[in-house]
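Visitor: Quick one: structure below, then a few questions.
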Amino acid sequence: MYKAPRGTSDILPEDQPYFIYIQDRAAYYAQLYGYKPIETPVFEDVGLFIRSVGEETDIVDKEMYVFDDKGNSTLALKPEGTAPVCRAYIEHGMQNLVQPVKLSYFASLFRYERPQAGRFRQHHQFGAEAIGDSDPALDAELIDMIWNFITGLGLTSIVLYINSIGCPQCRPAYLEKLKNYYLDKTDVMCGDCKTRLDKNPLRLLDCKKESCSALVDQAPKSSQNLCPECADHYDSLKTYLNLLAIPYTENPTLVRGLDYYTKTVFEIQPRDETGAQVAIAGGGRYDGLIEILGGKPTPAIGFGSGMERMVLNLKKQSVAIPTPAPPKVFVAYLGSQAKQKAMGICRDLRKNGIASMQSLSDKSMKAQLKQAGKSGATYTIIIGEDELKTGSVTLRDMSEGNQQSLSINEIVTILKHK
RNA sequence: GUGGGCGUAGCCUAGUGGUUAAGGCGCCAGGUUGUGGCCCUGGAGAUCGGGGGUUCAAAUCCCCUCGCUCACCCCA
């Protein structure tokens, strides 16, 4: 028996309304804030991700699906959405458009990792990137959009965390300070943190281990070690968020796993979650990325939001979502002549935009009515020998249970007005 | 990659060494020669995740393996 590969899943009809709902709302907000849709390939040159996300990150180091194609290109299923959009920005000369260029996307992303609650090998994100403007007002506007989008879904008890992790001017000095702080404490650090000290010191700050939390509390914070430009940027962001009435929580231990982030970083999470992989959305500024990828120095900011995690929280919070409309009409028949009439009636109903179903395989009337009931149809049209003789159909109201005889020629017109 | 929990029909669950593995939901059919939702009756559907071992006898005990799941790392 074949099964869906580990970490992947079929999004079955019963879950589709959630995804459709989220996509609808996302597209609405993207449009509302002036973001234009873009779609990039499912796979890209592997170098794009190595250069942008960072060689030392887990995403590149151990989570990418990499393969060689028959033309000896080394490709990777995209593990994140920002780098491809930046590649497209550069490739299509979008620096010649009015800046910032605002782009939004839906994408399947692939990471080879052990699945658990809210984490998969293939998942879906809604993301947006605003490229070509360094003003913190843009940061605020983007955060405003994602905040309104997520709260607009009906999710409650969510919290927005923000932080600033500086820029190439101020971060090196901060990282030195951080390392020096930890250097003489290695005997009380957990094993993971010892590795982090060497490999990715920023990560020291979000160690969840009880034993390390005291160290984290006392550790120097990036937001207090910013250069004047970054400090101004962070202050302005907070001013603008206040102005927009977006509730935020400064979180000095919020760091992001991708190398390209600068200045502003943020995450949206459900409140009071004990588990760890709870971020519904995350993003930040990446002022150096376009240049790294071969474009002119261009500031930018973006975010990604996980659709599966939104679904998870919508279900957890029992948020009512729009359900798809059932067919209005089910057409039941008895006999081969009536079957032909039934098919014609269905065709005419559909031509008039009336969603219709019929059974097609000569089932008993009882079975057909049962199927009609299950389908949720408002009405059932019944056509058998009696109706054929008189050129009529029987129209049954499925919730009332009553029925009437109507001319076969009028049935479409009548149903159009029901 | 590391650690915990769990694998019995499509779904949920009973059975923890002894005949043909039980029930509920769902599905199909009949009760109603053309009428759903309630009820009644019947039916289909399970190599008890897979392999090996112990035993007269294994869903049940042991070993291995695969899968699912939760957590860690990391991330949406």
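Visitor: For region A:270-293: of the residues being at pLDDT below 95 and charged (D, E, K, R), which is farthest from RNA strand B (Cβ to nearest atom)?
Guide: A:Arg271
Visitor: Let me ask something else about it. What is the one condition in (1) under 23 Å from A:Glu63 (Cβ atoms); (2) more than 31 Å from the chain's Cα centre (by Cα); (3) open to solvent by 20 Å² or more (accessible area, probe 1.4 Å) that A:Pro228 does not satisfy?
Guide: The single condition A:Pro228 does not satisfy is (1).
Visitor: Another question, if that's okay. Looking only at region A:7-23, how many residues end up being of a type in the set (S, T, N, Q) and assigned to a loop (DSSP other than H, G, I, E, B)? Walk me through how you get there before you give the answer.
Guide: Of all residues in region A:7-23, those of a type in the set (S, T, N, Q) come to A:8-9, A:16, A:23.
Adding the requirement that they be assigned to a loop (DSSP other than H, G, I, E, B) leaves A:8-9.
Of the residues in region A:7-23, 2 are of a type in the set (S, T, N, Q) and assigned to a loop (DSSP other than H, G, I, E, B).
Visitor: Now, a different point. Take the residues in region A:114-130 that are among the hydrophobic types (A, V, I, L, M, F, W, C) and near RNA strand B (Cβ under 6 Å from one of its atoms); name whichever of them is most open to solvent (accessible area, probe 1.4 Å). Walk me through how you get there before you give the answer.
Guide: Keep residues of region A:114-130 that are among the hydrophobic types (A, V, I, L, M, F, W, C), which gives A:117, A:120, A:126, A:128, A:130.
If we keep only those that are near RNA strand B (Cβ under 6 Å from one of its atoms) too, we end up with A:117, A:120.
On the way: A:Ala117: 77, A:Phe120: 59 Å².
Going through the qualifying residues, I end up with A:Ala117.
Visitor: Continuing with this model, one more query. Give A:Val216, A:Val265, A:Val255 a once-over and let me know the one that is under 28 Å from the mean Cα position of the chain (by Cα) and farther than 14 Å from A:Leu142 by Cβ.
Guide: Being under 28 Å from the mean Cα position of the chain (by Cα) and farther than 14 Å from A:Leu142 by Cβ holds for just one of A:Val216, A:Val265, A:Val255, which is A:Val255.
Visitor: Which pairs do you get when a residue that is more than 9 Å from RNA strand B (Cβ to nearest atom), found in region A:388-400, comes within reach of a residue that is in a loop (DSSP other than H, G, I, E, B), reach meaning Cβ atoms under 8 angstrom, with the pair 6+ apart or on two chains?
Guide: Short answer, once both residue conditions are applied: A:Gly391/A:Ile408; A:Gly391/A:Asn409; A:Ser392/A:Ile408.
Visitor: Continuing with the same structure: Only one residue in A:Lys341, A:Lys328, A:Lys370 is more than 23 Å from A:Glu410 (Cα to Cα), within 16 Å of RNA strand B (Cβ to nearest atom) and of a type in the set (Lys, Arg), so which one is that?
Guide: Details: A:Lys341 fails: more than 23 Å from A:Glu410 (Cα to Cα); A:Lys328 fails: more than 23 Å from A:Glu410 (Cα to Cα).
From the options A:Lys341, A:Lys328, A:Lys370, the qualifying one is A:Lys370.
Visitor: I've got another one for you. Among the residues of region A:226-260, what is the count of those that are at pLDDT 95 or above and in a loop (DSSP other than H, G, I, E, B)? Step through it out loud before you land on a result.
Guide: Filtering region A:226-260 down to residues at pLDDT 95 or above leaves A:226-250.
Those left that are additionally in a loop (DSSP other than H, G, I, E, B): A:226-227, A:244-248.
Of the residues in that region, 7 qualify.
Visitor: Consider A:Cys346 against the criteria (1) free of Cβ contacts under 8 Å to residues at least 24 places away in the same chain; (2) open to solvent by less than 10 Å² (accessible area, probe 1.4 Å); (3) within 30 Å of A:Gly47 (Cβ to Cβ): it satisfies all of them except one. Which criterion is unmet?
Guide: (3)
Visitor: Output the residues belonging to region A:28-55 that are open to solvent by 50 Å² or more (accessible area, probe 1.4 Å) and part of a helix (DSSP H, G or I). Lay out the reasoning, then the answer.
Guide: First, pick out the residues of region A:28-55 that are open to solvent by 50 Å² or more (accessible area, probe 1.4 Å): A:28, A:31-32, A:36-37, A:39, A:41-43, A:45, A:50-51, A:55.
A:Tyr28, A:Gln31, A:Leu32, A:Ile50, A:Arg51, listed by residue number.
Visitor: So, one more: Conditions: (1) over 23 Å from A:Asp259 (Cβ atoms); (2) within 16 Å of RNA strand B (Cβ to nearest atom); (3) in the same structural domain as A:Ala26 (by TED's automatic domain parsing); (4) out of contact with any strand residue (DSSP E or B) (no Cβ under 8 Å at 6 or more places or on another chain). A:Ile158 meets all but one. Number of the miss?
Guide: It is condition (4) that A:Ile158 fails.
Visitor: Where residues in region A:297-340 are within 28 Å of A:Asp144 (Cα to Cα) and of a type in the set (D, E, K, R), which of them is most open to solvent (accessible area, probe 1.4 Å)?
Guide: Out of the qualifying residues, it is A:Lys316.
The values are calculated or read from the model by the stated rules, or taken from the named source; none is laboratory data. Model, not experiment: these values are computed from the prediction. Backbone-built Cβ (ideal geometry, glycine too); neighbour counts: all protein chains shown. We work out accessible area using only protein heavy atoms, side chains counted, and drop any ligands, DNA or RNA first. Shrake-Rupley method; radii C 1.70, N 1.55, O 1.52, S 1.80 Å.
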